[in-house]
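Heads up, the thing below is written out as structure tokens.
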Amino acid sequence: MFNRSLRILFFSLFSLSVHATNTCLQDETSLTKNTLTEQDWRYATDPHGSKALTKASLLSEGVIWVNFSRVPRLDVKNNSWVELIYDLPKGDLNGAETIQLTYQSSRDLVVKLSQKEYGGKGDKSYAHYQHILPKAKKWISACINVADFNRPSWTPTNSKDLGIIKAHVSAVYLVPDLKDDEGGSAVIQVKSITLLPLK
């Protein structure tokens with residue numbers, strides 16, 4: 001049983017069994033299925049040797065598929081990274097209270113809210129608000145309330161916490177939970193992502 005305080009609901013698309021309490025999703029028929037648009041998606045890797053492999057294109061047969069290979073961190077000043085990026089079609093998170101995601105991932109999946117105050121145009125800490133979803137070999141749907149995102153434990157002390165400013169969140173990053181000193185590989189697939197308003 002998943003921790004109830006996380007308020008996340010996970011279930012297989014082929015099963016109606018409920019694993020945790022969350023009013024966002026009650027059963028498969030309540031899913032808001034969103035057709036993916038390739039122009040909203042991209043990926044990024046560091047310049048140190050990490051790579052991303054896709055099929056003929058990032059979006060293939062209605063599914064986002066990418067195989068990441070991340071090299072270990074070079075040193076304190078040169079970290080590695082791999083990121084699957086969903087650029088918000090409206091350019092911000094205004095009006096959204098919940099992110100509904102249908103995915104598969106060979107590693108735990110870190111969902112980040114890319115907010116300018118913490119990125120390259122801000123304090124450059126890259127300590128964005130985030131939430132971690134478990135790895136999944138089959139299609140899983142999850143609802144994450146925006147209020148359940150937190151800054152990571154490694155956030156620098158000089159990075160001022162301004163909270164989540166929805167108007168300044170331009171993208172959702174999906175990052176495989178690969179450790180800095182080890183690197184590794186991971187496959188991420190996305191079938192649907194939907195921003196839901198407060199009910």
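The values are calculated or read from the model by the stated rules, or taken from the named source; none is laboratory data. Given the structure is predicted, the values throughout are model-derived calculations rather than measurements. Glycine also receives a Cβ, built like all others from the backbone with ideal geometry; neighbour counts cover every protein chain displayed. What goes into the accessible areas is simple: the full protein's heavy atoms, side chains included, and nothing from ligands, DNA or RNA. Shrake-Rupley method; radii C 1.70, N 1.55, O 1.52, S 1.80 Å.
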Counting Lys +1, Arg +1, Asp -1, Glu -1, what net charge surrounds Ile64 among other residues with beta carbon under 14 Å of its beta carbon?
-2
Over the stretch 41-115, what percent of the accessible surface lies on carbon and sulfur atoms, probe 1.4 Å?
48
Fully extended, how many nm does the chain gain between Glu97 and Lys124 (0.36 nm per residue separation, minus their Cα-Cα distance)?
7.1 nm
Local charge sum around Thr155 (other residues, Cβ-Cβ under 13 Å, Lys/Arg +1, Asp/Glu -1)?
+1
Quick one: how many Å² of Tyr129 are accessible to a 1.4 Å probe, rounded to 10?
30
Taking amide H positions as placed 1.01 Å from N in the peptide plane, with prolines and chain starts having none, which residues 5 or more places from Ile165, or on another chain, fall under 5 Å of its amide H?
none
Counting heavy atoms of the protein chains only and a 1.4 Å probe, report the per residue accessible area for the stretch 42-125 as a whole number of Å².
48
Spin-label model distance (nm) - Val76 vs Ala56, 7 Å beyond Cα toward Cβ:
5.0
Given points 7 Å out from each Cα along the Cα-Cβ axis, report the Asp177 to Lys135 separation in nanometres with one decimal.
1.0
The stretch 95-125 and the stretch 154-199 have their Cα centres apart by a whole-number Å value of 2
Area of Trp65 that stays accessible when all protein chains are in place (1.4 Å probe, Å², to 10):
50
Quick one: what do you get for the stretch 51-199 if you divide its Cα Rg by 2.2 N^0.38 Å?
1.04
To the nearest 10 square angstrom, what accessible area does His131 show with a 1.4 Å probe?
10
